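Participant: Below are the structure tokens for one structure; questions will follow.
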Amino acid sequence: MDHTFLQSTLRELQVVWRSPRLWATFVIVVLIFAVTGPYGTFAQLRPGARLGYWLVLHAMAWSIAILFSVVAEVILRKWILSMFARMMTGSIIAALPIGFGISLVDLAFFGTAPTVTGSLHQSLTSIPLCLLFCFLAYMTMHQQIAIAAEAPNDEKLAPDPITTSEIKALPAQAPILSRLKPENRGALVRLAVRDHYTEVVTSRGRELVLLRFGDALMELGDTEGMRLHRSHWIATCHVAGLRRDNGKLFVVARDGTEMPVSRSYAEAVRRRFG
């Protein structure tokens with residue numbers, strides 16, 4: 001579990017750190033704070049010092065907020081369906097260390113000695129800022145993060161080179177394949193809800209499609225499969241078995257992915273694959 005957790009967390013952090021859009025947003029926010037000088041910094045600091053103060057403070061706060069948001073996004077997948085809610089949860093928790101970080105930045109720039117009470121107060125006042133960081137990160141990165149979230153399974157799919165005849169033939173069997181890039185069109189493996197998108201996983205890759213899950217299920221053609229949950233569907237031929245954990249039922253795919261089975265579908269799933 002630790003190995004998988006670390007891999008997933010590091011992969012998603014790399015996606016964030018390498019995003020030009022996110023860091024362009026960071027620069028704009030820092031400049032806005034430096035020019036307007038909120039929280040009394042306009043009167044207390046000269047322009048150069050003010051820019052340095054907000055640059056250091058935002059770099060510290062954004063780094064902590066993003067780290068906690070990504071860690072929460074990975075840890076809470078089994079309990080919270082929405083990626084946005086998972087990341088927001090992490091950003092709220094990040095407010096505590098950020099508050100102490102702000103106290104240290106104030107010490108460096110103003111000579112104000114930090115106190116526990118003052119740092120906790122800073123933590124409370126930094127919650128809106130943390131939520132803003134998370135919102136900006138989500139709006140600019142959610143599609144890339146959703147793709148990275150299951151990247152380890154890509155290697156297990158081991159796609160073969162696709163031929164022109166296969167590209168033309170497959171969409172007729174499953175209309176949803178016509179929504180994918182040609183190189184991703186292969187035998188359907190599974191579908192999953194990813195916020196406002198449906199993730200389509202095939203034997204040749206995966207892709208996020210802006211399509212409601214219910215509409216996606218209508219475009220499966222003759223592909224034999226079963227719905228497991230309000231957010232998960234799997235092709236029958238890609239089911240490896242079932243697993244039970246603390247009273248919860250999971251379907252294990254041939255590539256090792258585990259998908260939760262809701263109570264309303266559990267009996268049918270057990271009859272079919274149990």
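The values are calculated or read from the model by the stated rules, or taken from the named source; none is laboratory data. In this text the structure is predicted, and so the values were computed from the model without any measurement. Neighbour counts run over all protein chains shown; Cβ positions are idealised from the backbone, glycine included. Side chains are part of the model used for accessible areas, which takes the heavy atoms of the whole protein and leaves out ligands, DNA and RNA. Shrake-Rupley method; radii C 1.70, N 1.55, O 1.52, S 1.80 Å.
Participant: Cβ contacts < 6 Å: first residue at negative phi and part of a loop (DSSP other than H, G, I, E, B), restricted to segment 235-257; second residue surrounded by fewer than 19 Cβ atoms within 10 Å (Cβ to Cβ) and basic (Lys, Arg), any location; separation 6+ or different chain. Result?
Facilitator: Asp255/Lys156
Yes or no, residue by residue, for (1) among the acidic types (Asp, Glu); (2) farther than 16 Å from Leu136 by Cβ; (3) open to solvent by less than 20 Å² (accessible area, probe 1.4 Å); (4) touching a helix residue (DSSP H, G or I) at 6+ places or on another chain (Cβ under 6 Å):
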{"residue": "Ala72", "(1), (2), (3), (4)": "no, yes, yes, yes"}
{"residue": "Leu81", "(1), (2), (3), (4)": "no, yes, no, no"}
{"residue": "Pro97", "(1), (2), (3), (4)": "no, yes, no, yes"}
{"residue": "Phe100", "(1), (2), (3), (4)": "no, yes, no, yes"}
{"residue": "Val105", "(1), (2), (3), (4)": "no, yes, yes, yes"}
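Participant: For segment 213-222, give me the residue count where each residue is touching a Ser or Thr at 6+ places or on another chain (Cβ under 7 Å) and either touching a residue at least 40 places away in the same chain (Cβ under 8 Å) or assigned to a loop (DSSP other than H, G, I, E, B) (or both).
Facilitator: At the first step, the residues of segment 213-222 found to be touching a Ser or Thr at 6+ places or on another chain (Cβ under 7 Å) are 213, 216.
Next, only the ones that are either touching a residue at least 40 places away in the same chain (Cβ under 8 Å) or assigned to a loop (DSSP other than H, G, I, E, B) (or both) stay: 216.
So the count comes out to 1.
Participant: Quick check: anything in segment 116-127 modelled with pLDDT of 90 or more, assigned to a loop (DSSP other than H, G, I, E, B) and closer than 26 Å to Ala49 by Cα?
Facilitator: Looking through segment 116-127, none of the residues is modelled with pLDDT of 90 or more, assigned to a loop (DSSP other than H, G, I, E, B) and closer than 26 Å to Ala49 by Cα.
Participant: Look at segment 11-38 and say how many of its residues are aromatic (Phe, Trp, Tyr) and surrounded by fewer than 14 Cβ atoms within 10 Å (Cβ to Cβ). Before the answer, list the steps.
Facilitator: Let us first name the residues in segment 11-38 that are aromatic (Phe, Trp, Tyr), namely 17, 23, 26, 33.
Next, from what is left, pick out any that are surrounded by fewer than 14 Cβ atoms within 10 Å (Cβ to Cβ): 17.
The qualifying residues number 1.
Participant: Testing Ala85 on (1) open to solvent by 60 Å² or more (accessible area, probe 1.4 Å); (2) free of Cβ contacts under 8 Å to residues at least 40 places away in the same chain, one condition comes back false. Which one is that?
Facilitator: Of (1) open to solvent by 60 Å² or more (accessible area, probe 1.4 Å); (2) free of Cβ contacts under 8 Å to residues at least 40 places away in the same chain, only one is false for Ala85: (1).
Participant: For Val189, which of the numbered conditions (1) open to solvent by 50 Å² or more (accessible area, probe 1.4 Å); (2) within 30 Å of Ala85 (Cβ to Cβ); (3) at pLDDT 65 or above fails to hold?
Facilitator: Every condition holds for Val189 apart from (1).
Participant: OK, next. (1) at pLDDT 90 or above; (2) in a helix (DSSP H, G or I): which one isn't true of Pro38, the others all being true?
Facilitator: So the condition that Pro38 fails would be (2).
Participant: Out of Val201, Val189, Val269, which single residue is touching a strand residue (DSSP E or B) at 6+ places or on another chain (Cβ under 8 Å), in a helix (DSSP H, G or I), of a type in the set (Val, Ile, Thr) and over 18 Å from Lys78 (Cα atoms)? Give the steps one after another, and end with the answer.
Facilitator: Values: Val201 fails: in a helix (DSSP H, G or I); Val189 fails: in a helix (DSSP H, G or I).
Just one listed residue meets the conditions, Val269.
Participant: Any chance you could count how many residues in segment 36-59 are basic (Lys, Arg) and either touching a Lys or Arg at 6+ places or on another chain (Cβ under 7 Å) or under 22 Å from Phe133 (Cα atoms) (or both)?
Facilitator: The total comes to 1.
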